[in-house]
Amino acid sequence: MVDFAGDGAGEGELSWGQRENWDRIVRERIWAPVGGVEQLPPGATVTDVADVVRYLMSRHQALRTRIRVAEDGRPTQVVFGSGEIPLDIVDTDHPEAVAERYRNTPMDFTAEWPVRVAVIRRDGRLTHTVTLVSHLATDAAGVVLMMAELATLTTTPIDGMPPLAQARWQGSPAGRRHSDAAMRYWENIFATIEPNRFRTVHDEHHPRYWHGEFHSPALLSAANAIAAKTGLGPSTVFLTLFAVALQDVTRINPVVVRPIVGNRFRPGLSGVVCTVAQAGICVLDVAGKPFDEAAQQVRRSVINAYKYAYFDHEQMLELRARIERERGVALDTRCFVNDRHGVAPTGTLYDTSAPAGKFRWVRGQDDPPFERLFVEIDDVPDAIQVTMHLDTRAISLADAESVAVGMERMAIQAATGA
């Protein structure tokens, strides 16, 4: 066990980012871990690793947080001033298997810290660490912050609001005004959009939920060339490619998509290990438009989506329920894109030697459920990976694969002018 102690103990409401993640954790019965396996330097000791764990747990309130659930089901967060966390020592040649076991083991947020850590030992020598942190505690940007801190073990005070302080501001008059303004934007979308995001799937598939991956060097090269040629941000390029490909498959326009917005550009959030990313919403009218025109429309829409992606999640759900009653329809807004890639435009033309992408279905399951469609865009060596988590009652396996392949095809056409 590794002991730790830090400041900021207390209890209060969940922050907006925590509440949105808690909703997903409860709905999908997951603990939403991020992180993985890291190689240790030669000669590293258990004490070295324990010191790092103690440093992070003591420094960051989000890692020392547990959830208290009231009888009516309402969660609150409890930040502890001290405690202990297990540091497992595992003898194995397969650290990834340990990480996978951690991912697949349910977490009790009322009794566990939202962190799991192991040291991997082989033939008496420490080789790797396995560290997984729940999205309830931090988003990907927070993980990057922790990694940067570990390079120096800085003791500089954190410049920003940890989750308890965020929740207090969000409940203040200023916070309520901010969320109310966001809800006016969301209300206009809810009141006017086509209720359905996908065409009806008549062939029910078993298992129901699937995870697929499209690995494409050609998409990386073409998207970089488009960004360099047009001056558009790479994220705008990828969102445009996705929207156009989805519209081509579903024939539903405008496309309504919920991009994951980091929100780190907001005051008091840039330097804090916590979860502030939320799913915004934007309406993308891309049908029949040339790529350049569609991309400019996406760029304008995304500005508002980012502006209004910091909001009270519960208030949004209440707003949507009210408008569904008024319209007499159920609104399907469960189409998400999480663009996590960090590739900058190279300025080069499309590399015609870049291999075409390959799609593979990784696994299917009936439980726990996925969103209707949740797309992730990530860097992998010399390529882009488009990962799809989907509900086959919303989109068929063939249509989902067509969307991924269509993104690559349109990227090459836009990059080459073909």
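In degrees, nearest 10, range 0 to 90: what is the angle between the Cα axis of helix 173-192 and the longest Cα principal axis of the chain? Between helix and principal axis, roughly 30 degrees. Placing unit charges on the Cβ atoms of the charged side chains and taking the dipole of region 172-416 about its Cα centre, the candidate lying farthest along the positive direction among S179, P207, V329 is S179. One chain, two ends: T110 and N304. Fully extended at 0.36 nm per residue, the span grows by 66.2 nm beyond their Cα-Cα distance. In terms of its alpha-carbon gyration tensor, region 146-193 comes out oblate; a/c meets the 1.5 threshold, while b/c is at least as large as a/b.
Sort out the exposed loop GluC sites (Glu not before Pro) in the chain (DSSP loop, at most 13 other Cβ within 10 Å) and tell me the longest stretch that has none. Can you show the working numbers first?
On the way: sites that count: E71, E204.
The longest such stretch corresponds to 205-418.
Short-range pairs are left out: with C-alpha atoms under 8 Å and at least six residues apart, the relative contact order of the chain is 21 percent.
Set the Förster distance to 30 Å, then compute FRET efficiency between W361 and D72 from the Cβ-Cβ distance, nearest 0.05. Working from the Cβ atoms, E equals 0.15.
For the chain, adding -39500 (n - 2.57) for each run of n ≥ 4 DSSP H residues and dividing by the number of residues yields -12500 deg cm²/dmol at 222 nm.
Give me the percent of Cα-Cα pairs in the chain that sit more than 43 Å apart, rounded to a whole number. The partial results should precede the final answer.
Values: 11583 of 87153 pairs.
When every Cα pair of the chain is considered, 13 percent fall beyond 43 Å.
The modelled label-to-label distance between A97 and S82, using points 7 Å beyond Cα along the C-beta direction, is 3.9 nm.
For K229, the lysines whose Cα falls under 19 Å of its own Cα, not counting residues fewer than eight places away in the same chain, are K289. Model label points for R199 and A148, set 7 angstrom from Cα along the Cα-to-Cβ axis, are 4.6 nm apart. The aspartates and glutamates within cross-link reach of K358, meaning a Cα-to-Cα straight distance under 12 Å and a gap of 8 or more places when in the same chain, are E213, E401, E408. Straight-distance candidates among the aspartates and glutamates for linking to K307, with alpha-carbon spacing under 18 Å and chain neighbours fewer than 8 residues away dropped: E20, D180, E187, D339. Evaluating 6.51 cos²θ - 1.76 cosθ + 1.60 at θ = phi - 60° for every residue in region 71-79, the Karplus couplings come out as 4, 7, x, 6, x, 10, 9, 10, 8 Hz, glycine and proline recorded as x. Annotation for D379 and D123: the two label points, set 7 Å from Cα along the Cα-Cβ direction, are 3.3 nm apart.
Restricting region 218-313 to chymotrypsin sites (Phe, Trp or Tyr not before Pro) that sit in a DSSP loop and have at most 14 other Cβ atoms within 10 Å of their own Cβ leaves F265. Since only A137, P42, V69 are under comparison, the one whose Cα sits farthest along the positive direction of the charge dipole of region 2-160, derived from C-beta charges on Lys, Arg, Asp and Glu, is V69. If a paramagnetic tag sat 7 Å from the Cα of T155 along the Cα-Cβ line, which residues of region 1-23 would have the backbone N under 15 Å from that point? Once the point is set 7 Å along Cα→Cβ of T155, 5-7 turn out to lie under 15 Å by backbone N, inside region 1-23. Given R0 = 41 Å, the distance between the Cβ atoms of D51 and R251 translates into a calculated FRET efficiency of 0.10.
How do M1, M147 rank when sorted from fewest to most other Cβ atoms within 10 Å of their own Cβ? Present the calculation step by step, with values, prior to reporting the outcome.
Details: M1 8, M147 11.
By the 10 Å Cβ count, ascending: M1, M147.
We did not get these values from a lab; they are worked out from the coordinates using the rules stated. The structure presented is a predicted model; accordingly, all values stated were derived computationally and were not measured. Cβ: placed from backbone, ideal geometry, glycine included. Neighbour counts: every protein chain shown.
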